[in-house]
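None of the figures in this text is laboratory data; all of them are computed from the coordinates on show. This is a predicted model, so every value here is computed, not measured. Ideal geometry is used to build each Cβ from the backbone, glycine not excepted, and the neighbour counts take in all protein chains shown.
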Amino acid sequence: MKTHQLLSTVALALCAGAVTPTTAAEPAVATLTVSAEAAGPRIEPEVYGHFAEHLGTGIYGGLWVGTDSKIPNTRGWRNDVVQALRKLGVPVVRWPGGCFADDYDWRDGIGAPAKRPARLNKIWGNVVEPNRVGTHEFMDLTEQLGAEAYLAGNMGSMPPRAMGQWLEYLTSDSKSALAEERRGNGRDMPWKVKYFGVGNESWGCGGNMRPEYQADLHNQYSTFLHAPVVRVASGDGQGNDHLIELLMERSGPQMDALTLHYYTMPGDWSKHGSATGFNAQEWAKTLKSAMGIEPRIAAVSRLMDKHDPKQRIALYVDEWGTWFDPEPGSPPGFLQQQNSLRDALVAALSFNAFHRHTDRVKMANIAQMVNVLQALALTDGPRMVLTPTYHAFDLYKSFRGATPLKAQLSAPLWHEGDVELPAVDASVARAVDGSTVLALVNLDPQRRARVQTNLTGAARGRVITAAAMDAHNTFGQPNALVPVPYGAGATGTPLALDLPPKSVVVVSLQR
Ligand code: AHR
């Protein structure tokens, strides 16, 4: 049996060691040794952030139904989705793109709705973008959600003056023409805009720029962002270390954060693989791909450390999640996909990775909020269903603001075809209320796992699991897959926790 060692950087050392062959009936046995020492700074709540783009039905239909709709809404935003998201707690929303941001003129989305121009959304399906949702509506959504606004500015196809003016329109308390225009459009008080993105994927849809050219443009555009915002530079999404190095070297002083985009898929960009109806090999490949986010974060962090040893500049993973083949029959360019138990495990593995890199990762935004890619909610007319990804976010709620603890995990490997993975992944932290919170993922779809810990106390929490790898919720059966109480699986002193195959368990230990 092969021995594999995967050492994570900060919070948790994962050692997958030699195992003796066992039958599927016997659990895979892992050991988790937790120390009381902090492994890094706190887990910023923004690590549980969101991304909503003008893409498919991500905004129109999914979040926005309009003030005249029969679907219950508050100033156009649908109540069912907003209430579900409020319940979860949404720390931050990034908007309006994505790729859409670099083809967006903010002026199209202000003023009397009837007079706003219809444009083609050339990036996503060439459908008509009515501009019914614009700046005022989006800022209203953030207020309804109690979330910070993260605006993505256009560096790809608009001049720097437009970007600076948008920020002034939003945030100025003066008597300037832009502030007065905002008041004329119904908003007296300036809004608070905490985060401002300078372009998106400038290496691709944001302008196909050379890193050198992008760095110059970043410096130019960010110069004209006069309000106090966190200036976010568009970073890597393709494994391009040179881009990171160059941006850090040439634009470091002009940025407060740099982004990383990372998408999970079992296949590749030509054939992603399907969201449901997949086999064990695709399950394993997907989880392997999901776990690849951690070495990428580590590599980018190392490059950032070289140029910013005091870690002033944050790393925002402002697009992450699964990207499967679109649902058969869905409109081209809408990126609609179902969301299964596998997505819940991808989310959990990603959260665990973020927790291990809190020195740099201060924000992460799932792509995307509703109906697009790894969505938290799916809608169909008046109907809404919450996905397993929503439930994974909910399970991990007590990690927000928590301090990751040093821990060492030794887990056996499991194989599916040529894919080799640890059977268990874990994250442990001291929650804001002082309790110890523990998240355990059993990646193996066939075999139970037992995690022997050095912890004591009563462990209470919830588990999400199912018989089928692609178990999911539908409009007909919205609660087919929801977390259920977990407690009986935690026994002994010190504690041992039994994990069903393909599961995520999150428990709190009361002292
Ligand atoms: O989330 C979908 C798209 O993925 C975004 O618009 C873009 O930034 C990325 O390529």
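A few comments on the model shown:
- Considering the chain at the alpha-carbon level, its Rg and Dmax are found to be 22.7, 75 Å.
- As a calculated quantity, the FRET efficiency between Lys194 and Arg383 at R0 = 51 Å, using C-beta atoms, amounts to about 0.95.
- Of the residues Val507, Val482, the one with the fewest other Cβ atoms within 10 Å heads the list, and the complete ranking is Val482, Val507.
- For the range 211-258 versus the range 412-484, the inter-centroid distance based on Cα atoms is 37 Å.
- Low-density loop cleavage sites - trypsin sites (Lys or Arg not before Pro) in the range 213-317, where at most 16 other Cβ are within 10 Å (DSSP): Lys271, Lys310, Arg312
- For the chain, size of Cβ-based charge dipole, Lys and Arg +1, Asp and Glu -1, in debye: 1000 debye
- Summed residue charge, Cβ within 11 Å of Leu151's Cβ, Lys/Arg positive, Asp/Glu negative: +1
- Burial ranking of peptide ranges 195-203, 419-427 (average Cβ count within 10 Å, highest at the top): 195-203, 419-427
- Subtracting the Cα-Cα distance of Asp325 and Gln238 from 0.36 nm times their residue separation leaves 29.4 nm of extension gain.
- Cα gyration tensor shape for the range 143-283, rounded if a/c is under 1.5, else prolate or oblate: oblate
- With the simple spin-label model, which puts each label point 7 Å out from Cα in the Cβ direction, the Asp108 to Gln83 separation comes to 3.4 nm.
- Positive-end ranking of Ile59, Tyr48, Ile71 along the dipole of the range 39-82, with charges on Cβ about the Cα centre, is headed by Ile71.
- Relative to the Cα centre, the charge distribution of the range 153-258, modelled as +1 at Lys and Arg Cβ and -1 at Asp and Glu Cβ, gives a dipole magnitude of about 460 debye.
- Length gained on full extension, Lys397 to Gln311, computed as 0.36 nm times the residue gap minus the Cα-Cα distance: 28.3 nm.
- Ordering of 100-107, 206-213 by packing is 100-107, 206-213, highest average first (other Cβ atoms within 10 Å, averaged per residue).
- Furthest towards positive pole of dipole, Gln281, Leu335, Thr379, structure part the range 224-379, Cβ charges: Gln281
- Among Asp236, Asp318, Asp470, sorting on how many other beta-carbon atoms sit within 10 Å of each Cβ, with the fewest leading, yields Asp470, Asp236, Asp318.
- Relative contact order (%) - the range 175-328, alpha-carbon pairs under 8 angstrom, separation at least six: 23 percent
- In straight-distance terms, cross-link reach from Lys406 covers every one of the aspartates and glutamates whose alpha-carbon lies under 13 Å from its own, apart from those fewer than eight places away in the same chain; here that gives Glu37.
- Reachable lysines, given that their alpha-carbon falls under 22 Å from the alpha-carbon of Lys502 and they are not under 8 places away in the same chain: Lys285, Lys288, Lys397
- Ordering Trp191, Trp320 by the number of other Cβ atoms within 10 Å of each residue's own Cβ, fewest first, gives Trp191, Trp320.
- Relative packing of peptides 179-190, 362-373 - highest average C-beta neighbours within 10 Å first: 362-373, 179-190
- Separation of alpha-carbon centers, the range 76-144 and the range 279-342, rounded to whole Å: 24 Å
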